[in-house]
Amino acid sequence: MKKLTRVLFLLGVILLFTNVAKVVACEIEFEVVDGEKEVYNVGDVMVIKVHVAFTHRVCPIAIKDTKFEKKGLKIEGATPWKELSAGVWERKLKVKVLETKKGKLVLSATRTCDKEGGFGEITLHSSI
């Protein structure tokens, strides 16, 4: 009976880790690397670094297919994606603050695929 209990416990642990691995998506992080402020005004320009790490060895979606959405911001320019290591990518975006009524500026990135994809965002504060 003890042996059966150990086997069932071991199977449960294996299933738990297998399911956890399936729900992990691409990791997307943002960082303001130039022009950082507590509160932004219309016309302010900043450089935001985007860091994407694939959590699956082979991703069917190319890094260039990462979609960006902006609220209160305009992307004025971007560096090409640079692969830092296998499955780890980075690029910089030159971003300008536009008018916004909510006082929040949001830049988000989405990767959509059959392996859960990924999502990340940065929220900044505006004086508007």
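Just a few scattered comments:
- Test: residue in the range 66-76 that is in a strand (DSSP E or B) and of a type in the set (Gly, Ala, Ser): no
- Single residue of the range 104-123 satisfying the filter (among the charged types (D, E, K, R) and at negative phi) that is surrounded by the most Cβ atoms within 10 Å (Cβ to Cβ): Arg111
- The range 97-128, subset outside any strand (DSSP E or B) and touching a His at 6+ places or on another chain (Cβ under 8 Å), residue farthest from Met46 (Cα to Cα): Lys115
- Condition check for Asp44: surrounded by 11 or more Cβ atoms within 10 Å (Cβ to Cβ), in contact with a Lys or Arg (Cβ under 8 Å, 6 or more places away or on another chain), under 27 Å from Ser127 (Cβ atoms) and at pLDDT 95 or above: yes
- Taking first residues from the range 32-57 that are in contact (Cβ under 8 Å) with a residue 24 or more places away in the chain and within 16 Å of Lys74 (Cα to Cα) and partners that are of a type in the set (Lys, Arg) and assigned to a loop (DSSP other than H, G, I, E, B), the Cβ contacts under 8 Å between residues at least 6 apart in sequence or on separate chains come to Asp44/Lys37; Met46/Lys37.
- For beta carbons closer than 8 Å, sequence separation of 6+ or different chains, a first residue in the range 100-128 that is under 12 Å from Glu27 (Cα atoms) and a second that is among the polar types (S, T, N, Q) and crowded, with 17+ Cβ neighbours inside 10 Å, the qualifying pairs are Ala109/Thr66; Thr110/Thr66; Arg111/Thr66.
The values are calculated or read from the model by the stated rules, or taken from the named source; none is laboratory data. Because the structure is a prediction, the values reported are computed rather than measured. Note that each Cβ is placed from the backbone with ideal geometry, even for glycine, and that neighbours are counted across all protein chains shown.
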